[in-house]
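Right, one structure below, let's go through it.
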Amino acid sequence: MPSLPPARAGAPLYEVDTPALIVDLDAMERNITAMAAFTTRAGMRLRPHAKTHKSPLVAARQIAAGAVGQCCQKVSEAQVLVEGGVRDVLVTNQVWGSVKLDRLAALARQAKIGVCVDAAENVDALAAAARRFGSVIEVLVEIDVGGKRCGVRPGAAAVALAQRIASSEWLTFGGLQAYFGTAQHFRSPEERRRAIADAGEGVRTTLAGLTAVGLVARTIGGAGTGTFQHEAASGLWNELQPGSYVFMDADYARNEPDPGNLLPRFEHALFVLASVMSAVAGNRAIVDAGHKALGNDSGMPTIWQRGDLTYQQPSDEHGTLVVAPDGRRPDPGEKLLLVPGHCDPTVNLYDWYVGVRGLGEGRGQVECIWPVAARGAVL
């Protein structure tokens, strides 16, 4: 059962109960607009990844700005998106098991559904599920372009899978999925550029093989918030699939920016509002946001506009703030905005978004409460 909302529309930020997931609506909208404008200038399609926001309401705003649809990682996420009005969803993942495959095939009768494969057995199982439900599923061959996660080797093996897909009356060959996940967090711009250049060689080899057997890849998808400019500049990818740009997080902020370019500068739009619950020691304070309130897998959160505070040593329900020698220790009951280390798992910890306006002007008023509709959608 979802928890009670931590705030009411019209309330000032300081009245929001904590810990709470805060969205700066103004910053989020600027991020959405900036990525859509970049993609349009590049002549590409934009399909943002919903594993970040898990919300049909956020998806609707991205689509209104020009996105062609949404990506997700799980069939259950796709179901929430379709129920929320999204008509074009790509599951950028492999789906195995008759229960999941039947759910996917049934969903393909309601909306345009795509999915990725890297094994012949999975192609056959998808075709059987689509036949059972009388639906058609678009299938992309995922190639391993360096991430060493999912994906078949580029070249002949990928072409053979594409031919197997194209031979089925229940499947359509959609193209290639070429996402280099770990490259998103390579810190130096040169590392990221080299990684995507190497990935492009695998894409190029596979496209040549597809051409040789008379197949056309409608989609060459991939890219993330850390590398999208390189995929866009390659002349190979035609669909960008970033997710975190809509909110940003502390880990992405650690990436060194590309010098001298004109890329969008995305803003922090997602925060966890936390309260100081103890401040008995001279150089530290304790907040009510620990592991159960923040995704700390990619590092600790930062404290928004408080460079004199460092978040350390979280436990389940507590986080320690260390005060710099020249800093100010926050008072008990004081509320602080924390920028999560990793936005995606942080979002998945909450039932509600608290949408706030005016945060950048030093104030903040609650405009809306949105459900995190796909929270816990891991099936």
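The values are calculated or read from the model by the stated rules, or taken from the named source; none is laboratory data. Please read all numbers here as calculations on a predicted model, not as lab measurements. For neighbour counting, all protein chains shown are included, and Cβ atoms are generated from backbone atoms with ideal geometry for every residue, glycine included.
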Subject >> Residues that are of a type outside the set (S, T, N, Q), surrounded by fewer than 22 Cβ atoms within 10 Å (Cβ to Cβ) and in contact (Cβ under 8 Å) with a residue 12 or more places away in the chain, drawn from segment 64-76 >> reply: Ala65, Gly66, Val68, Lys74
**OP:** Collect the residues in segment 231-288 that are small (Gly, Ala, Ser), surrounded by 15 or more Cβ atoms within 10 Å (Cβ to Cβ) and within 24 Å of Ala20 (Cα to Cα), keeping them in residue-number order.
**Re:** Gly243, Ser244, Ala250, Ala269, Ala274, Ser275, Ala279, Ala285
Original post:
Taking the condition in the same structural domain as Thr39 (by TED's automatic domain parsing) and farther than 25 Å from Ile196 by Cβ, does Ala67 pass?
Top reply: no
**OP:** Among the strands (runs of 3 or more DSSP E) lying completely within segment 190-287, list those that include at least 1 residues that are under 16 Å from Val141 (Cα atoms).
**Re:** 219-222
Subject >> Among the candidates Arg192, Arg187, residue that is at pLDDT 95 or above and surrounded by fewer than 22 Cβ atoms within 10 Å (Cβ to Cβ) >> reply: Arg187
Subject >> The lone exception for Gly69 - which of (1) closer than 24 Å to Thr227 by Cα; (2) modelled with pLDDT under 95 it fails >> reply: (2)
Original post:
Does Thr40 meet the test of being within 17 Å of the chain's Cα centre (by Cα) and surrounded by fewer than 19 Cβ atoms within 10 Å (Cβ to Cβ)?
Top reply: no
Original post:
If you scan segment 154-168, which residues turn out to be surrounded by fewer than 17 Cβ atoms within 10 Å (Cβ to Cβ), touching a residue at least 24 places away in the same chain (Cβ under 8 Å) and in a loop (DSSP other than H, G, I, E, B)?
Top reply: Gly155
Original post:
Which residue out of Arg47, Arg41, Arg87, Arg109 is in contact with a Cys (Cβ under 8 Å, 6 or more places away or on another chain), within 22 Å of Arg218 (Cβ to Cβ), basic (Lys, Arg) and at pLDDT 95 or above?
Top reply: Arg47
**OP:** With respect to Phe271, determine if the residue is out of contact with any strand residue (DSSP E or B) (no Cβ under 7 Å at 6 or more places or on another chain), under 19 Å from Asp24 (Cα atoms) and of a type in the set (Phe, Trp, Tyr).
**Re:** no
Original post:
Scanning for something surrounded by fewer than 23 Cβ atoms within 10 Å (Cβ to Cβ), at pLDDT 95 or above and under 20 Å from the mean Cα position of the chain (by Cα), does segment 197-216 turn up at least one residue?
Top reply: no
Original post:
over 21 Å from the mean Cα position of the chain (by Cα) and in the same structural domain as Ser55 (by TED's automatic domain parsing) - does that describe any residue in segment 83-96?
Top reply: yes
Subject >> Subset of segment 176-194 [touching a strand residue (DSSP E or B) at 6+ places or on another chain (Cβ under 6 Å) and among the hydrophobic types (A, V, I, L, M, F, W, C)] >> reply: Leu176, Ala178
